[in-house]
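Before any comments, here is the structure.
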Amino acid sequence: MDKKKTGSETVQKAEKAGFSMTYHQVLLVVELFFCMRNALNLITSFMNPAGTDRTVDQIFYVVMFVLALISVIWHDRKAGVISLHVFIVLELAWTCFIYMVAGYRGLDVPDLNEKMFSWTLGSMAWFVPTFLYYRKRWRFLK
């Protein structure tokens, strides 16, 4: 038992089978960032005037914080990976919703089309490789 144990059991199993798990470990840092970002968004949302918009924002930030927290706590489990994917999809849907409401209310968002295009492209450019990465490593998760 002199052997020094590094990484989680999941990472060790996958690497023994010849799969690199570097991206899996990097995602943990990204998930922690998402937790902190949504917690801070919730706190700063109290600076907005009270109303329906603020309440809806706060509910969204709590839901997103919980999803990000689940993905951190259960990082080596299938539920954590599913939570991360749900988080990404909801983040994109929320951004689309914000821009639709802004357009409906007549708020001038000068580069609306470019922002939506780049956000959608950026989200999918991250979502698809993550999905493909875990598709091959799904059996190693608890």
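The values are calculated or read from the model by the stated rules, or taken from the named source; none is laboratory data. On a predicted model such as this, the values are computed, not experimentally measured, just so you know. Every residue, glycine among them, receives a Cβ derived from its backbone with ideal geometry; neighbour counts consider all protein chains shown.
Inspect region 93-111 for any residue being within 26 Å of Lys16 (Cα to Cα) and touching a residue at least 24 places away in the same chain (Cβ under 8 Å) and give the result as yes or no. No: zero hits. Scan region 118-140 and give yes if some residue there is at pLDDT 85 or above, of a type in the set (S, T, N, Q) and in contact with a Leu (Cβ under 8 Å, 6 or more places away or on another chain), otherwise no. No, every residue in region 118-140 fails to be at pLDDT 85 or above, of a type in the set (S, T, N, Q) and in contact with a Leu (Cβ under 8 Å, 6 or more places away or on another chain).
One line per residue, one yes/no per condition, for (1) within 13 Å of the chain's Cα centre (by Cα); (2) over 23 Å from Cys35 (Cα atoms); (3) among the basic types (Lys, Arg):
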{"residue": "His75", "(1), (2), (3)": "yes, no, no"}
{"residue": "Ile98", "(1), (2), (3)": "no, no, no"}
{"residue": "Glu114", "(1), (2), (3)": "no, yes, no"}
{"residue": "Leu132", "(1), (2), (3)": "no, yes, no"}
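Pairing residues of region 125-137 that are within 15 Å of Val86 (Cβ to Cβ) with residues that are not acidic (Asp, Glu), at Cβ distances under 6 Å and at least 6 apart in sequence or on separate chains, gives Phe127/Ile88; Tyr134/Val81.
Please tell me if Lys136 is over 16 Å from the mean Cα position of the chain (by Cα), part of a helix (DSSP H, G or I) and closer than 20 Å to Glu9 by Cβ. So Lys136 passes the test. From the residues in region 17-62 that are among the hydroxyl-bearing types (Ser, Thr, Tyr) and either over 21 Å from Met100 (Cβ atoms) or modelled with pLDDT under 90 (or both), which one is surrounded by the most Cβ atoms within 10 Å (Cβ to Cβ)? That would be Ser45. Screening Leu121, Leu107 for residues that are over 11 Å from the mean Cα position of the chain (by Cα), exposed (fewer than 12 other Cβ atoms within 10 Å of the Cβ) and not in a helix (DSSP H, G or I) leaves exactly one candidate, Leu107.
What do you reckon, is Ala50 over 30 Å from Ala17 (Cβ atoms) and not in a helix (DSSP H, G or I)? Judged against the criteria, Ala50 is a match.
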